[in-house]
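Let me begin by presenting the structure, written as structure tokens, before commenting on it.
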Amino acid sequence: VKIELSSCAEKEFFIPFITMTDDGMPKDLSLVITREDYEVLVSDLIDHTLETCVQVLDDAGASPADIDEVLLVGGQTRMPLLEERITKFFGRSPSKQVHPDEAVAVGAALFAHSLADNTNTKLQLLDVIPMAIGIEDFHGNMHILFDRNSPVPNQRSFQFTNSRDNQAALVIRIYQGDSMVARENTLLGEFILSGLRPGARGTVRVEAIMSLSVEGILSIYAHDIDTGVTLEQQVNLSVEGA
């Protein structure tokens, strides 16, 4: 039905014998869906698509006028309303030079070819994280260590101290997301830092080093700044979308 509505105004949706009535008779499902009905059903998805375009352009410090070509990827981009909204947003019609069902495969083939290409046409892809990664602070806020769109591999270090006298352990919660409230983001895991040496509040200084690999593995270890003693074995967490 979705495919047909890209080229016609309405389409019948029919499934025979979908269920049985109380008296044992077979019942069919038959209804006519119009393009207008369908556009209403998916309008929030189209809005989200354009919101994503705005976010990506903002992250790149660009505007719609800076874009040379707009490529559509996937069969759903054949929907007339989507093309209309994209054309209005970018001020130009999307390119028809790449088949939407083949765009990903073509891009993968071009990149594979470039790996053995030593000319000026060589392509380079930079892996980045789609959302910020940080830890929850004492007030429940998100202390960001890796900003959204940070390249990988990457590494950050941060320092903290004990909040109570003779504190023996700390729990560091690691989140991924763009909210400044830590618990509104996705919890990647907890890093339990044990073996702190006894000391008055604020006197035991600890440095933690967080490394993010190109495979999306987050590794953490920590040591006492003053003694150099490692406090915890390395912990590995998987980062979404890296």
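The values are calculated or read from the model by the stated rules, or taken from the named source; none is laboratory data. Since the structure is predicted, the reported quantities are computational estimates derived from the model, not experimental observations. Virtual Cβ from ideal backbone geometry, glycine too; neighbours counted across all protein chains shown. Surface areas here come from the heavy atoms of the whole protein model, side chains and all, with no ligands, DNA or RNA. Shrake-Rupley method; radii C 1.70, N 1.55, O 1.52, S 1.80 Å.
Placing pseudo-labels 7 Å out from each Cα toward the beta carbon at V1 and E83 gives an inter-label distance of 2.3 nm. For the residues N154, N118, N162, a GNM of the chain with alpha-carbon springs under 10 Å puts the largest fluctuation on N118.
Simple point charges give the picture: +1 on the Cβ of Lys and Arg, -1 on the Cβ of Asp and Glu, and for the range 28-97 a dipole about the Cα centre of about 300 debye.
On average, how much area does the Cα convex hull of the range 1-152 cover when viewed from any direction, in nm²?
Details: hull surface 65.9 nm².
Across all orientations, the range 1-152 yields a mean hull projection of 16.5 nm².
Taken about its Cα centre, the chain carries a charge dipole of about 760 debye when Lys and Arg each add +1 at the Cβ and Asp and Glu each add -1 at the Cβ. Eigenvalues of the alpha-carbon gyration tensor of the range 64-110, scaled by 5 and square-rooted, set the equivalent ellipsoid semi-axes at 19, 14, 6 angstrom, largest first.
Per residue, the chain exposes 64 Å² of solvent-accessible protein surface, assessed with a 1.4 angstrom probe and all protein chains in place. Just L31, L218, L170 to compare: in a GNM of the chain, with alpha carbon springs under 10 Å, which one fluctuates most? Highest fluctuation among the options: L31.
Is the shape of the range 179-223 best called rounded, prolate or oblate, per the rule: a/c under 1.5 gives rounded, else a/b larger than b/c gives prolate, else oblate, with a ≥ b ≥ c the square roots of the Cα gyration tensor eigenvalues? Intermediate results must be reported in sequence, preceding the final value.
Numbers: a/c = 2.79, a/b = 1.55, b/c = 1.80.
Judged from the Cα gyration tensor, the range 179-223 comes out oblate (a/c at least 1.5, b/c at or above a/b).
Dipole check for the range 5-135: with +1 at the C-beta of Lys and Arg, -1 at the C-beta of Asp and Glu, and the Cα centre as origin, the magnitude is about 420 Debye. Here the scattering of the range 39-78 is modelled by Debye summation over its C-alpha atoms, one equal scatterer each and no solvent; at q = 0.21, 0.31 Å⁻¹ the log10 of I(q)/I(0) is -0.79, -1.10.
Were the residues from V181 through D117 laid out at 0.36 nm apart, the gain over their Cα-Cα distance would be 18.5 nm. Ranking I174, G228, L187 by Cα position along the charge dipole of the range 149-229, where only Lys, Arg, Asp and Glu carry charges on their C-beta atoms, puts G228 farthest toward the positive end.
So which trypsin sites (Lys or Arg not before Pro) in the range 50-142 are both in a DSSP loop and have at most 13 other Cβ atoms within 10 Å of their Cβ?
Of the trypsin sites (Lys or Arg not before Pro), the ones in loops of the range 50-142 whose Cβ has at most 13 other Cβ atoms within 10 Å are K96, K122.
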